[in-house]
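Inspection log for the structure reproduced underneath, given as structure tokens.
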Amino acid sequence: MTSDITNFSTFNVSSKSRKTYFSGLSILRNIAKFYGIIIAAVIIFLWATTLITLIYIDVSNLGFLWLIPAILLQTFLYAGLFITAHDAMHGVVFPTNLKINHAIGAITVFLYGLFSYQNLLKKHWLHHRYPATELDPDYHDRIHKSFFGWYFYFMKGYSNWKQLLGLALVFLLLAEGLHIAKINLVLFWIFPSLLSSLQLFYFGTYLTHREPKEGYTNQHRATSNNLSPFWSFITCYHFGYHKEHHEHPHLPWWKLPEVYQK
């Protein structure tokens, strides 16, 4: 009888433990659904906070040793804005609600440089469908193959006069309307956005899609940068694990190292 009671108690405890375990798993799965939107919110918050702080700082009191890291930090966060938009194009920022997902993408590319999300979305899927060919809007024209030649050709395909006019008006509004020092706008708003475009292009397009001497060896016509996860993150939010991205386009950027290391 005592043995039966003991066994029954053990069964109850074991049953409760299993319920707690599976309940915990369910909670973790529900939280995981929001990883993308949480990471996107953190990047946008950090970008906005540092930008607002830096554009109002007195540059004359900021030594050179602090100026360069500040510009590099803002450049890194600008790259994060674009990577967030890129993930939105693949539907992985908030996959359970694509309207919110694409809204975040539209917001981040607008903050990045007044880009049209729909235009970028259309061209990006052409890039995935026809990588490194004449139908790929990210690829060079067989003439401008050098880094800067290809970069300017690339940027020309994504920029237009309305966007440039809009950026000029925003600059004037901030400088003349809000009386923000022009040097601050140049150092912490213009420079970082331009530097991040070079960063994204170099690590995510030029190195990964330029034709190797032996020719392309896979259907994605892409390679990956041979960097550790730490440096891959620092250089371009793992955008350099580009072959893996093309093979698994629905993986968010922070999961690419797992695939790369397999």
* To do: Output ³J(HN,Hα) for the stretch 34-41: one whole-Hz value per residue in order, computed from phi by the Karplus curve 6.51 cos²θ - 1.76 cosθ + 1.60 with θ = phi - 60°, and x for Gly and Pro.
  => 9, 3, x, 6, 5, 5, 4, 5
* To do: Please report, in Å, the Rg and the Dmax of the stretch 141-262, where both are computed over Cα atoms only.
  => 17.9, 56
* Using 0.36 nm per residue, how much length does the chain from residue 262 to residue 52 gain when fully extended, once their Cα-Cα distance is taken away? -> 71.5 nm
* Given (i) 27, 21, 19; (ii) 31, 20, 20; (iii) 41, 27, 17, which label gives semi-axes √(5λ) of the Cα gyration tensor in Å as computed from the coordinates? -> (iii)
* To do: Can you send over the carbon and sulfur percentage of the accessible area for the chain, probe radius 1.4 Å, protein chains only?
  => 68 percent
* Structure fact -> When the charge dipole of the chain is computed with +1 at the Cβ of Lys and Arg and -1 at the Cβ of Asp and Glu, the Cα pointing farthest to the positive end, of 151, 191, 100, is that of 100
* In order through the stretch 141-150: 3J(HN,Hα) via Karplus (6.51 cos²θ - 1.76 cosθ + 1.60), integer Hz, x for Gly, Pro -> 9, 6, 10, 8, 8, 5, 4, 6, x, 5
* Simple spin-label estimate for residue 248 and residue 190 in nanometres, 7 Å along Cα-Cβ -> 4.2 nm
* **Selected from 207, 173, 77 as most flexible by GNM, with the chain as the system and alpha-carbon contacts under 10 Å** => 173
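Rounded to the nearest 0.05, what FRET efficiency is calculated for residue 230 and residue 134 with R0 set to 41 Å and r the Cβ-Cβ distance?
For residue 230 and residue 134, the calculated efficiency is 0.65.
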* Asked: So what is the relative contact order for the chain, in percent, with contacts set as C-alpha pairs under 8 Å and at least six apart?
  -> 19 percent
* Structure fact -> Quick calc, residue 96 & residue 147: beta-carbon distance into FRET formula, R0 41 Å, rounding 0.05, result 0.55
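At a Förster radius of 30 Å, what calculated FRET efficiency corresponds to the Cβ-Cβ distance of residue 255 and residue 126, to the nearest 0.05? Please report the intermediate quantities before stating the final value.
On the way: r = 24 Å, r/R0 = 0.81.
Once the sixth-power term is evaluated, E becomes 0.80.
Can you sort 141, 136, 58 by solvent-accessible area, 1.4 Å probe, largest first? Mind dumping the intermediate values first?
Working: 141 45, 136 10, 58 80 Å².
Result of the area sort, largest leading: 58, 141, 136.
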* Structure fact -> Listed residues 47, 189, 125; largest mean-square fluctuation, Gaussian network over the chain with Cα springs below 10 Å, found at 125
* Structure fact -> Contour minus Cα-Cα span, residue 72 to residue 171, at 0.36 nm per residue, comes to 33.6 nm
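The values are calculated or read from the model by the stated rules, or taken from the named source; none is laboratory data. The structure presented is a predicted model; accordingly, all values stated were derived computationally and were not measured. Positions of Cβ are backbone-derived with ideal geometry, glycine not excepted, and every protein chain shown enters the neighbour counts. Accessible surface areas use protein heavy atoms only, side chains included; no ligands, DNA or RNA. Shrake-Rupley method; radii C 1.70, N 1.55, O 1.52, S 1.80 Å.
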